[in-house]
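Scroll down for the structure; my scribbles are underneath it.
The values are calculated or read from the model by the stated rules, or taken from the named source; none is laboratory data. Source: prediction; values computed, not measured. Cβ placement follows ideal geometry from the backbone for every residue including glycine, while neighbour counts extend to all protein chains displayed. Just the protein is used for accessible areas: all its heavy atoms, side chains included, with ligands, DNA and RNA removed. Shrake-Rupley method; radii C 1.70, N 1.55, O 1.52, S 1.80 Å.
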Amino acid sequence: MECPAPRRWVITLGVVMITAEIQRPDAYDVKWMRAQVQGLPSRIRNKLSHQFYTDAMQLPVRQRNSNLRLAAKRVRAKIGPVYTALKQFSQPYKAIATKEAVRETAARIAADMFNNLLQHAECLNGDYQQNLESSYLYLCQYALRTVPEVKPPFYIDADELPQPEFMEVALLKLKCDRWWCRKLLGVRKRYLETLEIVAGNVGEKSPYASKRAVSEWVRDQFATKAWAEAGELVNQSGQVISLEQALAAGMGDPENMRCELMKRISGLEDYAEEMQMQGLFFTLTAPSKYHQNAKNWNGSTPKQTQAQLVKTWGRARAAIKRLDIRYFGVRVAEPHKDGCPHWHMLVWCEPSQAKLLSRIVKKYFCEEDKAELIERFKNRAALRKQYRKQRQLYGYFKMLGKKVKAPAKQYWPSAPRFTVELLETTPRDENGHRKGGAAAYIAKYIAKNINAKGVENLICEETGKVVADIISHVQTWKNNWNIRQFQFQGCDPITVYRELRRVRQSIDAKQIEQVRQGAESERFIDFIRAMKNVDCGLAYEVEPMANQYGEAAKRVKGVTVGNVTAWTRIEKWQLRRKACSSVGAADLSWTSGNNCTPRPLGHKITALGITPELMAQMERGCTVRIGAERWRIGRHGQIEPAPVLKYAVPWDAKNPDFSTKAH
């Protein structure tokens with residue numbers, strides 16, 4: 001087809017004649033065009049490219065280039081943050097929309113990994129070590145290309161390979177559908193919540209987390225409760241306790257967690273008062289580009305914002321360490337209503353070093369995007385005037401006897417990123433109790449992020465909702481983005497405290513008994529003093545081949561001081577279903593009484609050839625493969641075939657390596 005003749009446009013500007021010809025794009029124009037649309041979604045990129053070629057046959061060069069540049073700029077401003085937030089997820093929406101779809105996707109990926117590993121193994125001709133390294137590196141790189149949001153086990157870099165036993169474990173995990181299912185379920189939570197954030201469903205409509213995520217979290221809590229009610233723990237002595245009772249006695253119970261946190265913080269405050277140290281309360285926030293409700297949002301998710309805060313605090317902590325500033329305290333991470341995390345940090349340090357510590361933290365947290373802080377500095381007079389008006393209004397309501405909060409001093413240029421308050425030592429009453437203080441100051445932030453105990457009727461200033469009504473939103477936010485809410489800095493390990501509280505009788509070792517008495521005390525400062533005098537650590541037990549991947553499990557067994565060890569975990573407990581220890585399927589009855597003879601399982605166990613080891617695994621809830629089928633113990637203690645996934649890893653009944661295997 002012959003190219004049409006170029007058209008000539010003549011534009012008269014006074015007496016000057018300017019001629020512009022319509023030229024067909026050459027290689028340089030195509031390269032420039034691709035640079036303009038680089039990074040945009042493929043559908044929009046193709047549309048802009050087609051429009052560019054269409055304009056090239058009708059418009060002058062300058063005008064067609066200007067049109068493309070402006071169109072790309074408008075698109076980037078509109079969908080740039082959205083595309084940045086969503087491009088981190090490689091799987092299509094249909095593949096992880098539901099949990100059933102995730103299981104099918106995990107089985108498909110595991111089968112794909114297994115087949116690729118078999119194809120790669122046909123090309124290997126070296127010794128075992130070389131073949132193992134080659135297979136591990138090949139499968140890890142293939143996994144990163146397939147699902148880049150899931151990091152392969154123990155993989156750091158192509159030039160830094162782990163030990164051979166870790167590579168063997170990694171290969172078993174990468175071809176396991178259950179391992180991929182666990183990883184993809186976490187990806188699914190973040191993916192769906194990112195879609196909700198992009199759609200504007202997190203914020204004013206539903207603070208901290210979307211309504212879809214909250215309802216799913218509530219359903220998961222009911223499912224977990226039902227699972228705990230159906231299980232029990234048994235030890236070698238035959239002692240049986242309810243799984244629900246065991247979980248309620250640990251740190252998984254919100255009230256237990258809150259009480260322990262408050263006890264630790266109160267003990268740290270007592271120790272700081274004894275050492276005459278100064279308390280500081282920091283509020284640290286990310287720059288505005290990390291907030292979804294900001295105009296300059298860059299597409300960051302709450303998990304990425306938390307990683308940025310951790311990185312910034314790591315740099316500040318390194319500078320503090322270089323200057324030999326001794327400090328300790330606790331950090332609380334909580335969300336803004338749009339899901340973006342911010343920190344409240346309570347620390348104590350020497351009074352002479354408090355100002356220097358504050359300056360270092362301020363330097364690093366105000367270092368990024370200084371331009372927006374400089375703009376606030378230019379507008380500081382108007383901000384101070386606004387604060388004075390709020391202060392007058394606060395005084396008026398105070399005079400009327402209303403309970404209102406004093407306005408925050410947000411007129412400082414660094415206020416959106418960094419604020420610090422000096423905490424004064426609160427005197428004690430005649431009974432030795434302290435009214436107020438640092439622990440009471442942070443107690444609100446502790447309670448509103450766990451179970452809202454004591455602040456149920458408090459109105460949240462940012463959301464305008466009752467704290468008790470949105471506590472499930474906070475827990476959903478933590479669960480979705482896997483953010484650590486509470487972290488202590490410069491303190492003794494809490495595991496020693498928890499292990500020693502398991503021991504009810506005195507210990508013969510004098511030094512360990514001294515620490516145990518400090519842990520049993522009502523005041524946490526007694527444990528802190530004991531740990532300062534005794535170098536107490538943890539004793540571990542390593543169990544080889546502890547799971548189906550052949551990993552070694554490292555478990556805490558006690559505490560140690562020097563060569564002396566006190567064992568705190570003597571009994572070994574095994575999880576099983578309650579139905580396995582009571583009656584079978586034929587014993588079930590809708591009445592309160594049951595006179596049926598229990599149906600023995602011995603005939604089916606003998607017919608299938610189930611060994612005692614496989615039976616023990618089935619009682620723990622595992623499925624075992626016998627012959628060409630997989631079997632499990634059903635809901636009422638009946639041995640039944642396990643459901644087969646749609647995308648199962650190929651299995652050959654003639655292969656002796658797969659004759660009988662637990663999953």
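Bin width 10 Å, origin at 0, all Cα-Cα pairs of segment 253-344: what percent of pairs per bin?
The percentages, shortest bin first, are 14, 34, 33, 17, 2.
R0 = 35 Å: FRET efficiency of ALA249 with LYS87, Cβ-based, nearest 0.05?
Details: r = 45 Å, r/R0 = 1.28.
My answer for the efficiency is 0.20.
Expressed as a rounded percentage, what relative contact order does the chain have, with Cα pairs under 8 Å and six or more residues apart? Walk me through the numbers on the way to the answer.
Details: 856 pairs, mean separation 79.4, N = 663.
Contact order relative to length: 12 percent.
So what's the net charge close to GLU193: Lys and Arg +1, Asp and Glu -1, counting the other residues with Cβ under 13 Å from its Cβ?
Numbers: positive: ARG188, LYS189, ARG190, LYS211, ARG212, LYS303, LYS478; negative: GLU196, GLU216, ASP338.
Net of charged neighbours comes to +4.
For labels at ARG62 and GLU541 in the simple 7 Å Cα→Cβ model, what's the distance in nm?
Reported label-point gap for ARG62 and GLU541 is 8.3 nm.
Please give the contour-minus-distance gain from TYR387 to CYS259: 0.36 nm per residue of separation, less the Cα-Cα distance, rounded to one decimal in nm.
Numbers: separation 128, 0.36 × 128 = 46.08 nm, distance 3.71 nm.
Computed gain between TYR387 and CYS259 is 42.4 nm.
So for segment 89-149, averaging the separation of alpha carbon pairs under 8 Å that are six or more residues apart and normalising by length, what relative contact order in percent results? Walk me through the intermediate numbers first.
On the way: 23 pairs, mean separation 27.0, N = 61.
Rounded, it is 44 percent for segment 89-149.
Taking amide H positions as placed 1.01 Å from N in the peptide plane, with prolines and chain starts having none, which residues 5 or more places from LYS557, or on another chain, fall under 5 Å of its amide H?
So LYS557 has HN proximity to ALA539, TYR540, GLU541.
For ALA318 and GLN236, what does the FRET efficiency come to when R0 = 51 Å and r is the distance between their Cβ atoms, rounded to the nearest 0.05?
Details: r = 48 Å, r/R0 = 0.95.
The pair ALA318/GLN236 has a calculated efficiency of 0.60.
Whole number please: convex hull volume per residue of the Cα set in segment 479-521, in Å³? Intermediate values should be presented prior to the final figure.
Details: hull volume 4.3 nm³, N = 43.
Hull volume normalised by residue count: 99 Å³.
Which length gain, in nm to one decimal place, applies between GLU274 and VAL310 when the Cα-Cα distance is subtracted from 0.36 nm times their residue separation?
Numbers: separation 36, 0.36 × 36 = 12.96 nm, distance 3.05 nm.
In short, 9.9 nm is gained.
Which loop GluC sites (Glu not before Pro) in segment 125-233, with loop taken from DSSP, have no more than 12 other Cβ atoms within 10 angstrom of their Cβ?
Values: sites: GLU133, GLU149, GLU160, GLU165, GLU168, GLU193, GLU196, GLU204, GLU216, GLU229, GLU232; in loops: GLU149, GLU204.
Answer by residue number: GLU204.
Can you list the residues of segment 193-222 with backbone N under 17 Å from a point 7 Å past the Cα of VAL466, pointing along Cα to Cβ?
Under cut-off, by backbone N: 207.
What Kirkwood radius, in Å to one decimal, follows from the Cα pairs of segment 184-257?
Numbers: mean 1/r = 0.0669 Å⁻¹.
Here the Kirkwood hydrodynamic radius works out to 15.0 Å.
With every protein chain left in place and a probe of 1.4 Å, what is the accessible surface of LYS263, to the nearest 10 Å²?
The accessible area of LYS263 comes to roughly 50 Å².
Under a Cβ-Cβ cut-off of 11 Å, what is the net charge of the residues other than GLY279 that fall near it, where Lys and Arg count +1 and Asp and Glu count -1?
Numbers: positive: none; negative: GLU269, GLU273, GLU421, GLU424.
Residues near GLY279 contribute -4 overall.
Zone of THR623 (label point 7 Å along Cα→Cβ, backbone N under 16 Å): which residues in segment 148-176?
It comes to 176, nothing else.
Could you calculate the FRET efficiency of GLU613 with PHE166 from 1/(1 + (r/R0)^6), where r is the beta carbon distance between them and R0 is 22 Å, rounded to 0.05?
On the way: r = 26 Å, r/R0 = 1.17.
Calculated transfer efficiency: 0.30.
Cross-link partners among lysines for LYS303, C-alpha distance below 18 Å, same-chain residues fewer than 8 apart left out?
Excluding near neighbours in sequence, the set is LYS87, LYS151, LYS183, LYS189, LYS289, LYS311, LYS337, LYS478.
With a 10 Å radius around each residue's Cβ, average the other Cβ atoms per peptide and rank 109-122, 269-282, highest first. It would help to have the intermediate numbers written out before the result.
Numbers: 109-122: 16.1, 269-282: 18.6.
The packing order, highest mean first, is 269-282, 109-122.
What is the sum of charges, Lys and Arg at +1 and Asp and Glu at -1, for the other residues whose Cβ falls under 13 Å from the Cβ of PHE166?
Net charge around PHE166: -4.
For semi-axes √(5λ) of the Cα gyration tensor in Å, one of (i) 50, 44, 25; (ii) 75, 28, 24; (iii) 84, 35, 20 was computed from the structure I shared and the rest are decoys. Which label?
The listed entry that was calculated here is (i).
Over segment 180-241, with every protein chain in place, what whole percent of the accessible area is carbon and sulfur at 1.4 Å, could you tell me?
On the way: 1730 of 3060 Å².
Carbon and sulfur: 57 percent of the exposed surface of segment 180-241.
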